[in-house]
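Let me begin by presenting the structure, written as C-alpha cells, before commenting on it.
No value in this document is a laboratory result; all are computed from the given coordinates. The shown structure was predicted, so the numbers you read here are calculated from the model rather than taken from an experiment. Positions of Cβ are backbone-derived with ideal geometry, glycine not excepted, and every protein chain shown enters the neighbour counts.
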Amino acid sequence: MSARITPLADVLPRPRTVAVGMFDGVHLGHREVIRGADTALTLHPHPLAVLRPDRVPAQLTTLERKAALIGALGVQELVLVPFDAQTAAQSPQEFVDDVLVRRLDARGVRVGENFHFGHGAAGTPTLLASDPRFDTVIVPLLSGEGQRLSSTRARELVAAGDVAAATRILGDPFALSGIVEPGERRGRELGFPTANLEPPPGHALPAHGVYACRARIDGDEARAAAVSIGVRPQFESALGVLVEAHVVDWSGDLYGRPLELEFLERLRGEERFDDVPSLVAQIRRDVEATRRVFRAHA
C-alpha cells in the first residue's frame, strides 16, 4: 500500500517517528533510514529546481512511485514540504522548531549521516541529535560492490543503460510510467505493435537501446515487454526520443491507459539495419530474449 501523500499544510500533529530526506529512487540506503519510521518527510520539488534549475538532476522516481516504495516499508504518510524561497531562507533551527516539532510533533527522527538541511544546507545530523525534544537515529551510509549507495550513482547507471546494476543499488528495478500515447504505428506494420509512453518531464531515461522489461497495464499483473528507447534510426521521424513498448503476447487497445515499465536488463544498443527484414528478425530475437529474462525475474 502506498504511503499517503500529504502537503505539510494539511498535516495534523501527533507523536510520530519521522524519516527525513529527499529519497529519490528510495534506494537501499534510503530504506535503512526509512525503516522504523511511520512518516517520511521530503522536500518537493527538488531544491535545485528552485535554486539552480540548470543543475537539477533527472529524477529516478515520480512522486507516486516514491510513495508506493516508501509505503511498502510500512510508512503511513509521505509529507511534502514545499520548497520555495521562504523554505530556502529558513534556518536549520527554524526548520526543527517549526516543521519537526510544532507541525509534526516528532518524537523520533531518522536521517542519513550525510543529511543536511536549512539555509545554506547548514543543518547537520549532529544538530538534530543535540535536541532533547526527540530521539535522533543517524544511519551510516551503506556501500555495495565497492561503492557507496547513492541516487547519483543509480542515476549514472541508468543513464549508461546498466539497469541491472542500478537495481542492485535501488533494490527494485528502475521504472517509467505514464499514459500510452498514439504513435506512427510503425511497430504494428512490422508485426510487433508498440505502446508509446511519454515519460514525465525531468525524469531519468536509460541509454538508447532495447530492454527486457516487466510491464503493468492499469496496475494489473506483470507481463513481459520488449522496450526500445531511442530515435528509431531505421525510419525518419521528427518525434525525438521515443519509449516504445511491445507487450509480449498481448492483444488489445492500450491508448489512453496507464502503463508502468520496470527495466530488468539491457538486451542491446540502438542499431540501424541494412533492411527492414533484418530489423524484423532482430525484433523477433529481442522478444524471445525478453521472455527468457522475464521468466528469470519471475
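Taking a span of 18 Å or more along the helix axis (Cα atoms) and a mean Kyte-Doolittle hydropathy of at least -1.0 as the rule, the DSSP H helices of the chain that qualify are 276-296. Between Asp253 and Ala160, the contour length at 0.36 nm per residue exceeds the alpha carbon distance by 30.3 nm.
Give the percent of DSSP beta bridges with both residues in the range 4-144 that are antiparallel, rounded to the nearest 5.
Values: 1 of 23 bridges.
Close to 5 percent.
Applying 0.36 nm per residue to the separation of Arg168 and Arg14 and subtracting their alpha-carbon distance, the gain on full extension is 51.9 nm. Across the range 25-158, the mean sequence separation of Cα contacts (distance under 8 Å, 6 or more residues apart), normalised by length, yields a relative contact order of 27 percent. Less than 13 Å Cβ to Cβ from His44, Lys/Arg counted +1 and Asp/Glu -1: what total charge do the surrounding residues give? Computed value for this residue: -2.
So, counting K/R as plus one and D/E as minus one, what does the shell of residues with Cβ under 14 Å around His30 add up to? Intermediate values should be presented prior to the final figure.
On the way: positive: Arg31, Arg35, Arg65, Lys66, Arg110, Arg148, Arg153, Arg155; negative: Asp24, Glu32, Glu113, Asp172.
Every neighbour counted, the sum reads +4.
Please report, largest first and rounded to whole Å, the three semi-axes of the ellipsoid equivalent to the chain, where each semi-axis is the square root of five times an eigenvalue of the C-alpha gyration tensor. Intermediate values should be presented prior to the final figure.
Values: eigenvalues 335, 63, 61 Å².
Calculated on Cα positions only, the semi-axes equal 41, 18, 18 Å.
Each residue of the range 197-212 is assigned a 3J(HN,Hα), and the resulting list reads 10, 9, x, x, x, x, 8, 4, 10, x, 4, 4, x, 10, 10, 8 Hz, derived from the Karplus form 6.51 cos²θ - 1.76 cosθ + 1.60 (θ = phi - 60°), x at Gly and Pro.
Listed values for the range 7-12 are Karplus-derived 3J(HN,Hα) couplings in whole Hz (6.51 cos²θ - 1.76 cosθ + 1.60, θ = phi - 60°), namely x, 3, 5, 9, 7, 9, and x replaces Gly and Pro. Converting phi to 3J(HN,Hα) with the Karplus coefficients 6.51, -1.76 and 1.60 and the offset θ = phi - 60°, the range 92-102 yields x, 5, 5, 4, 4, 5, 7, 7, 6, 8, 6 Hz in sequence order, with x at every glycine or proline.
Rounded, prolate or oblate, given the Cα gyration tensor of the range 173-296, with a/c below 1.5 counting as rounded?
On the way: a/c = 1.35, a/b = 1.18, b/c = 1.15.
Rounded, since a/c falls under 1.5.
Ratio of alpha-carbon Rg to the 2.2 N^0.38 Å globular estimate for the range 91-184, to two decimals, please.
Values: Rg = 18.5 Å, N = 94, 2.2 N^0.38 = 12.4 Å.
Here the answer is 1.50, to two decimals.
Here the range 97-141 is assigned +1 on the Cβ of each Lys and Arg and -1 on the Cβ of each Asp and Glu. Its dipole about the Cα centre then comes out at about 100 debye. Taken about its Cα centre, the chain carries a charge dipole of about 520 debye when Lys and Arg each add +1 at the Cβ and Asp and Glu each add -1 at the Cβ.
Using the Cα gyration tensor of the range 4-144, with a ≥ b ≥ c the square roots of its eigenvalues, what is the shape: rounded (a/c below 1.5), prolate (a/b larger than b/c) or oblate (neither)? Mind showing how you got there, number by number?
On the way: a/c = 1.22, a/b = 1.05, b/c = 1.17.
Judged from the Cα gyration tensor, the range 4-144 comes out rounded (a/c under 1.5).
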